[in-house]
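Below is one structure, written out as C-alpha cells, with a few remarks after it.
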C-alpha cells in the first residue's frame with residue numbers, strides 16, 4: 001500500500017534460523033497512516049476556509065474550528081506523521097508532522113497569543129501575514145519535493161501553496177478580498193486532500209485503486 005510518497009515500504013530484515021537457513025523475520029507491518037493525516041488536514045482546512053471565504057461568520061463561528069484544529073488537524077495529523085516515520089516515508093513524516101504542528105500552533109496563536117500582539121489591528125495583520133508567508137515558503141518547498149508522489153498529492157501541495165500565498169498577501173495588506181480568495185483556494189485544497197484520503201482508504205480496503213490518484217509509473 002503506497003503512502004503519500006513513492007518511497008517503498010521497508011521489507012523485514014533477513015535473519016538466520018541457526019541452521020544456516022536464512023528467512024524473513026515475521027514483523028508487524030503498520031497500516032498506511034496517510035489517509036488519517038490527509039483527512040485531518042482536509043476537514044480542518046475546509047472549515048477554516050469556509051470562514052476565510054466569508055461563507056459563514058468568522059467572528060461567531062471561529063470557536064468551531066479551534067477544537068478541530070487542536071484534535072483532528074493537529075494531534076491526529078501529528079500522530080500520522082510519527083507513524084510515517086515508522087514506515088520509512090520521509091516525505092510523509094515531514095509533511096504530516098509539520099502540518100499537525102501548524103494546526104496546534106494555530107490553536108495556540110488564536111486562543112492565547114493574538115490578544116497580546118501590539119499595534120492594534122495593523123499589528124495583528126502584520127503578524128499573521130508573516131506567519132502565513134513562512135508556511136507558504138515551507139509548503140512550496142514540500143511541493144518541490146512531491147514530484148515522486150501521486151499526482152493527487154502534488155495537486156494538494158500546489159493548491160495549498162497558492163492558499164497560503166493568497167492569505168499571506170491578504171493579511172499582510174489587510175485586504176479582505178485576497179483573504180476571501182485564499183478561502184476559496186483553501187476549499188479547493190481541502191477537497192483535493194479529502195479526495196486523496198478517500199482514494200487511499202479505498203485502495204487499502206479493496207486492494208486496488210478505485211479512485212484515480214495518478215500514481216507514478218515504476219521504472220525498471
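Read-outs throughout are calculated quantities, based only on the coordinates presented, and are distinct from any laboratory measurement. Note that the coordinates shown come from a computational prediction; the quantities given were computed from them, not determined experimentally. Glycine also receives a Cβ, built like all others from the backbone with ideal geometry; neighbour counts cover every protein chain displayed.
Before moving on, here are some points about what is shown:
- The relative contact order of the chain, computed from alpha carbon pairs under 8 Å that lie at least 6 residues apart in sequence, is 25 percent.
- Shape class for the range 54-140: prolate, because the ratio a/c of the largest to smallest gyration tensor axis (alpha-carbon atoms, square roots of eigenvalues) is 1.5 or more and a/b beats b/c.
- Principal-axis tilt of helix 120-144 within the chain, Cα atoms, nearest 10 degrees: 20 degrees
- Helix-only CD estimate at 222 nm, as mean residue ellipticity for the chain, using -39500 (n - 2.57) per DSSP H run (n ≥ 4): -21500 deg cm²/dmol
- Cα gyration tensor shape for the range 24-80, rounded if a/c is under 1.5, else prolate or oblate: prolate
- Computed from Cα positions, the angle between helix 58-68 and the longest principal axis of the chain comes to roughly 20 degrees.
- Comparing mean-square fluctuations of 164, 106, 41 from a GNM of the chain with C-alpha springs under 10 Å, the top value falls on 106.
- In terms of packing, defined here as the mean over residues of other Cβ atoms within 10 angstrom, the peptides 197-205, 87-95, 51-59 line up highest first as 87-95, 197-205, 51-59.
- Isotropic mean projected area of the C-alpha convex hull, the range 34-206 (nm²): 9.5 nm²
- Tilt relative to the chain, helix 176-206 - C-alpha long axis, 0 to 90 degrees, to 10: 20 degrees
- One decimal place: the segment residue 62-residue 141 gains 25.5 nm when fully extended, by the rule 0.36 nm per residue minus the C-alpha distance.
- Label-reachable residues, the range 55-95, where backbone N falls under 19 Å from a point 7 Å from residue 111's Cα toward its Cβ: 59-80
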